[in-house]
Structure formats: C-alpha cells, structure tokens
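S.K.: Got a structure for you, written out below as structure tokens; questions coming shortly.
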Amino acid sequence: MKYLFTLTLLAFTTLVFAQRPEGGRPDVTITGKVLEADTNVPLEYATVSFTNSEGKVVTGGITDPNGNYSIEVAAGVYDVKFEFISFETKVLPGQKLFKSTTLPTQALTIDSQSLDEVIVRAETTEVQVRLDKKIYNIGKDLTTSGATVSDALSNVPSVTVDVDGAIALRGNENVRILINGRPSAIAGFGSVDALSQLPADAIERVEVITSPSARYDAEGTAGILNIILRKEKTLGLNGSIQTNVGDPERYGITGNINLRTDKFNIFNTTGYSKRTSPGNAFFENRFLSDDVTNPLIEETREFDRNRGGFNTNLGIEYFLTEKTSVTASGFLRLSDNSSGTDNFTDEFDTNGDLAISRTRLEREVEDDKTYQLSLNSITKFDESGHELTSAFQYAVNEETELSTITEFNTFPMDVTLPAEDITQIEDQTEYLAQVDYVRPIGENAQFEFGYRGNFEETVTDYTLLEQEEAGGAFIRDDGLSNIFTYKEDVHAIYTQYGNKFGDFSFLAGLRYENTRQQGAVDAVVEDSDLGTNLDFDNKTDGLFPTLNLTYEFNDRENLTLGYNRRINRPRGRFINPFPSRSSEANIFQGNPDLVPSFASAYDIGYLKRWDKVTLTSSIYYQYETDSFERIQEDTGLVTANGIPIVRTLPINLSTNQRYGAEMGVLYNPKKWLRLNFSANAFLFETEGEFNGVDYGASNFSFFTRGSAKVTLPYKIDWQTNVFYRGPRNNAQTETKGFLFTNLAFSKDILNDNATIAFNVSDVFNSSKRQSLTQTDSFVSDSEFQFRVRSFNLAFTYRFNQKKQRSRGNRGGGDDDGDFEG
C-alpha cells in the first residue's frame, strides 16, 4: 500500500537534478521509448535515470503519454536505469553518451511479487489533476455493480444526481455531458434519461472539467462531464459478461468483447435491461384568493415506471499505417418504456370540510429508438504528440409517447369525467464534424487549433384529444396541439497554446462560437392568447477566452488557477411557446423570448499529497448574466372542474452569482481500509424581476459524501457510501436536505476470473425531495420520491482479461485532448 498513490504522484513530478560532473562537458540529448512487455502499450510516467561511475544519479526524467522521453545530460559514460512501480527494473550499463543518441526501446515486465498491490490500487477511485480537469478512474466501485452510468456519476466528487435524475456539477444543473469528448446520442441529446439505461461497466473514467480549455464546447456554465468509455488495449481476444437481478423487479445482462491485433482492434458492448421503479409524491396546494371555491387541495401520487432497453456499441479501429488509424463505430439503443400514475385528489372548502374527491389515472407508453454512426481518424506525425484528428457523427432519435388520462369523482358522488388522449412524436437529427491539430513546440510547449460544427433539428408533434363529455367523442384541442420545429446550428473555431517554465505551467486559449436558433410553429392560434407570430430566428456570436495556470511547489504540492467564459443556450423545450402539461392543473410553457446567458468563472485549486493521504481543494466564483430561472405563477384560468391552473415558465433574470468551496480527501491508512471524503459548499445570489414580481434570492447549500471500503476475512470487500445534500432554496421554493446511503459486498471467485456482488441502494429509503413553494396567490407543500430502496445481485465473469490497472490515460484518440505541462 505504500505505493498506492505513486502513479498519480508521478504525474506531477520530475526527478531532482543532482550535481553534474565537472569538466565543462557539453550537454547531449538522449531520447527513447518505454513499453509494457506483454501488451506493447506505452508506459506513461516511467522514470529514466542516469548514474555516473561514482554511483551518483546525475539527472533523469519521466516518459510522456506515448512512452517517450527526451533528457539532456552532460556527455559521459552512464548506467541508464528504467523503472516503473510494480514493474521489474531494467539497466543499460556503461552507455557511452558523447553525442545525442536514441537508445533502444525498453519493454518492462510486471513484477509478480508486487502484482497484488497493483490490484488493490485499481479498486479505489483515483484522482489525477491536470491543468484543465480532474480525472476520476472509477475503478472497482462495488456500489455500481449492475448499476447505470447515472448511478456511477452519483459517486463522483463535485457531482450530484437529484432524486429525479437531474445531474448537477457543484450544485449547478447547467452541465454539459460529453461522451469520449464529444456531444453524443449515447448521452441522449442532452437528456439525462439515456444515462440511466447505459451500464456503468461501460465507463473507464469520468473527467470533471470545471475550468474547460478552449478545445471544449463553451456550452454549460457549470462546466463539463466527459465520460470516457472502455476500449481494451490488451492484445488478443478478451472480454467480460455481467448479469444482475434485483428488487424491485430488475434484471439485465451486459457483455464486453475485444479483439486486438497489431493491425486492428474490434470492440463491442451489448446489454439488455429491464427494471421497475416505483415512486410516490404528495402535494398540498393552498390558494389565497377569495375567488377560489375550494382553496385547499391535497394530491397523492403513486407511480410505477417500467423501463426495458437494449443497447449495443460496435466499432473497429484499423491501423492504416504506423502513424494513421481510422475508427468506425455504430451505436443503437432501443427502449420500450411504460409508466402508470395514479393521482388521488381531495378538495376542501373554506370551512376545511371535504368537498370533492377525485381520482385521475395516467397511463403512458413510450417507444424510443436511437442510433449513431461515427467515423474518426488520427494521424500521429511523430512520437512527440504532433497529430491531426478528425471526427464525423450522424445521430437520429425517434420517440413516440402515447398517454391516456381518465378521471372520475368519488365524493360526494361517483361521476365519470371527460378523458384525454395525448400523443407526442419527437424526431431528432444531429450532425457533428470536427477537426483538431496539435503541434508540440520543443519539450514543454504545445500549440493547437480546430473546428467543430454541430447541426441539430428536432420536430415535436404534440396532439391533445379531449372529450367534451364523459363517454363522448374525442375532439382535438387546437389551443394546445401543435407541431414545433426547432433547429440549432453551432460553428466553433478555437486555438490554444500551453507551455511550462520550470515549476510554472500555463494553457491559454480563445474560442469563437456562432449560434443560430430557429423555431417554427404549425398550429391553430386564432383562439389562443399566444399571438399569431410564434416563429423566431435568433443569432448569437460569442468569444470565449480561457486561461489555466499551475505552479508546483514540489513533487507533492501544487496550486492551480483557472478562468473561462461560458454560455447557456435555451433548449427546444424551454422556448416552445405551446404549453404541455403533466396534469390538468399544472402546465409547462416555453418562452421564445429567452436569450442565451453568459457566465465568467474563476477557480483556484490546491493539491497536497502525503504518504497515505491526498488532499484536493478549490474555491470558485461565477458571475452569470441573463441567467435562467423557472418560476411558477397562477394563470388566472381554471380547469373544467374549477381548479386554478398553475404555469411553470422559464425566464431570463438579470444576474446570478455563485461562490463556493470544495474539498476532497483520499486516505488509505491500512491495506485493508480505504477512505474517501468530499464536501462542497456554495452560495447562490440571484437578482431580477418578472411581471412586477421580484425573484431575487440568496441560497446557501452544501453536500458531502463519504466512502469506506474494508477488506474482510476470506477476501470479502465491504463498501459503504453516504451522501447528504443540505437544504436549498430559490426565490419561491425551499427544499429540505436528505440523506442517501448505499451498501455493497463483493468477492472474487473462480481463481479471480469472476466476481459476485450484492448491493443495497438507499438503505434507509430516505431519498425524498421535500419542498415548500410560496407565492402571492398560492402556497404548495410537496414530497417527491423518484424511486424506493432497491436490492441488486450481480455476477461478472472475465475471460483473458486482467483486472484493470490504473496508470492514467495513455492516449488512443478517445479524449477531447488536454495539456499537462
């Protein structure tokens, strides 16, 4: 365990230069390459040292992500030593180095005596800090066995996943989700629902990018989560298969297979899952107007969601030459979902007596098909990192939702009410084209530039059919039925330059983005209060500078500073002017007058490592203009049953300021005990008004998470994760805090070729959102539980596949790129 953090330490260290031999000998440059013997994969952060005849280390260095090194040394005779933790050391004795020389490639083999420690290191989430990101290698997280990507993200520091699946970074839900560095249909066109259907076993690592460099999209004022999917680098045929079963009813199977030769690499992940997710909610709405006959309404909801999904990702990487490779891949997801919601409503009159009891039954069937075709290429002009990459993606999503709503009174008498049929058909198409050029300059500098074009079109056909009287014919409601076509085109070019001077590194860049958002509505509007001109064509230009700085005090301590400017574009649902509704009395209406918001963000980070402890911390500030806020207001309209209709509407507020601090601690006191703790506290201050109402608010909140992993006798691993989210509020709503606890056990069997794991999600069944909303016209008190406590048993079998050893990223073209300095 004393080597537990050595790999990540090496990422930020160079050997201390000892005194060189006297005599005025000129310096020569010694270059070469270090590989892993059994896979021929480059070894990043391997150390190379030069020892003189007196046995003193004169100088040294480390290898880059491609396994290359370039070290200056005074001309002379040296023993050259090659080392990497858990690998056997190699020495080239008596090398006569009187001129610049390229030494033979060295292939290091694993030291079998230290293999156990390599395995232990891979079983904990490991953090690497780069100039513009933090990289979390998921490792063997027991609580994600048989789980989804959304579940895995909930264990990543700085990230929260709300009870209804909303993903936030540092408490801000405006986060950009990328797959392998690019927008992708795998992530669901920006919808987090798709991540709940992708198996967590598909993830290699998660990059938390709170200060994105210019290479990344400017979208997402909170930052970026870049999910890197697995692609095995080991030669030969290998893979794994995982099955799981659980309660509430859930089962699934996922297979990974990889065939790699010197000429090509074929990889595939295929899975099928079926799960039931029961939940519940309670609402108490009290209307303050004297005109409301029944001012108190209590509503209880019981819902049951059934999700079935098949997904497969098949690709081939072909090495055209030693310098150029092409990767073609296809992704397909088929979803067959259904849900049922039973709403039980009681209305009370001004005396507090029960006036009406009503039951509303909503049944929804959803058919969803997504496919994506990708073609990527990479040309490496040399081993220094000089390369040209290009990518093209075509993706389509076809979704059909059919909803039937029936309603009847049960008190004071049984009365069947008119029913509703809702059909929503949504077709999305996306094209992406990207090219990036990277040019190293000398040993420490790097220049790059590139272009990315995103072209999206979404057509939403929303049809509402209503009965005028129970049992009667269904008639189209032209006031709500419409076809909305939304197009968004984004062109972006960027350039950035990074360099390192001694202990100081910097990465500076500038990105330009041109956005065009178009909306067209096909609907009957004569009897509507929406107006007659609902089409729009909005254009936005923006410059987005970035700057990231790092200063290394020593090989165990550094300080980082980041600045970047970001944009938050309103999505199609937020600007669709026609209302949609989750219930008869609650509607959501988009706002076509929404304009993009812009944010400037500052981040100061500090990293300190000890022998058994790693500390990461940062403080951050963000200033956002025209920030989005969802408000609720009484429309002044009532349903056919006399219930006031409440509208949720997104608006632009003037400013939003965010102050925060976060801290993470990794502590490994014993070989059998591993501890992980993180905390994030933040203050949001919002200013702005709408329709004469002041929505200014101040909100302080925090969240903490802790994880303990213990190795029990008989090599049984026990892991406990605890998450607590503190109370929070905005201008209208106060939300209470809640506690979430996961528990898991795991044991390797069949000569460590298989693993059986059991986990409990939400042990205390406490993941509930309790909120209080207060306005001038009504008060709403609610409790919402998206899913109840669950149990899961998973079995994983691996063939020709070693346990993953975390040694950091060695390239391979999956990244969106970074500069390490």
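S.K.: How many percent of the alpha carbon pairs in the range 613-692 exceed a separation of 14 Å?
M.R.: That tail contains 74 percent of the Cα-Cα pairs.
S.K.: Using 1/(1 + (r/R0)^6) with R0 = 25 angstrom and r between the beta carbons of Tyr621 and Lys736, what's the FRET efficiency to the nearest 0.05?
M.R.: For Tyr621 and Lys736, the calculated efficiency is 0.40.
S.K.: Spin-label point model (7 Å from Cα, Cβ direction): what's the Tyr251 to Leu375 distance in nm?
M.R.: Result: 4.2 nm between the two label points.
S.K.: Let me ask something additional. Report the extension gain between Ala433 and Glu398 in nm, rounded to one decimal, defined as 0.36 nm multiplied by the number of residues separating them, less their alpha carbon distance.
M.R.: This chain segment gains 10.4 nm when fully extended.
S.K.: With label points built 7 Å along Cα→Cβ from the Cα atoms of Leu320 and Ser698, find their separation and express it in nm.
M.R.: 6.1 nm
S.K.: What is the sum of charges around Lys487, taking Lys and Arg as +1, Asp and Glu as -1, for the other residues whose C-beta is under 13 Å from the C-beta of Lys487?
M.R.: Cβ neighbours under 13 Å give a net charge of -4.
S.K.: Taking θ as phi - 60°, what are the ³J(HN,Hα) couplings along the range 743-753 by the Karplus curve (6.51, -1.76, 1.60), each to the nearest whole Hz, with x for Gly and Pro?
M.R.: Each residue of the range 743-753 in turn: 9, 8, 10, 8, 8, 7, 9, 6, 6, 6, 8 Hz.
S.K.: Another question about this same structure. What is the distance, in nm, between label points placed 7 Å from the Cα along the Cα-to-Cβ direction at Asp461 and at Ser338?
M.R.: About 2.4 nm separates the two model spin labels.
S.K.: Tally Lys and Arg at +1 and Asp and Glu at -1 over the other residues with C-beta under 11 Å from the C-beta of Arg250: what net charge comes out?
M.R.: +2
We did not get these values from a lab; they are worked out from the coordinates using the rules stated. Just so it is clear, the structure is predicted and the values come from calculations on it, not from any experiment. All Cβ positions, even for glycine, are placed from backbone atoms using ideal geometry, and neighbour counts span all protein chains on display.
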